[in-house]
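Colleague: One structure is given below, represented as structure tokens, and several questions about it will come after.
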Amino acid sequence: MERRRFVQTVPLIERLAQEAQRIREEAKKLRPGKERQEMLRKARQADIAASITQWISSPGLKPPE
């Protein structure tokens, strides 16, 4: 059985930022409460993941010798 592979056209950092923005827009439509807080937490997690991805792929980062 062969694995299906997908070539991503949009970089991971951009996809994470778009997802965070989409979640925030959706959260704006909700009333204050547990569900809204959970969505905002997911948006923050996507922002953090984008920051970590950017940090990991930075040219200044070098592997240990």
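Colleague: In this structure, does residue 8 turn out to be within 9 Å of the chain's Cα centre (by Cα) and among the polar types (S, T, N, Q)?
Modeller: On the way: within 9 Å of the chain's Cα centre (by Cα): no; among the polar types (S, T, N, Q): yes.
No; evaluated as a whole, the condition is false for this residue.
Colleague: Restricting attention to the range 29-40, does a residue exist that is within 21 Å of residue 58 (Cβ to Cβ) and under 18 Å from the mean Cα position of the chain (by Cα)?
Modeller: Filtering the range 29-40 down to residues within 21 Å of residue 58 (Cβ to Cβ) leaves none.
Checking the range 29-40: not a single residue is within 21 Å of residue 58 (Cβ to Cβ) and under 18 Å from the mean Cα position of the chain (by Cα).
Colleague: Kindly indicate whether residue 20 is at pLDDT 95 or above, under 8 Å from the mean Cα position of the chain (by Cα) and either of a type in the set (Ser, Thr, Tyr) or part of a helix (DSSP H, G or I) (or both).
Modeller: Working: at pLDDT 95 or above: yes; under 8 Å from the mean Cα position of the chain (by Cα): yes; either of a type in the set (Ser, Thr, Tyr) or part of a helix (DSSP H, G or I) (or both): yes.
So residue 20 fits the description; yes.
The values are calculated or read from the model by the stated rules, or taken from the named source; none is laboratory data. Nothing here was measured: the structure is a model prediction, and the numbers come from that model. Note: ideal-geometry Cβ built from the backbone for every residue, glycine included; neighbour counts use all protein chains shown.
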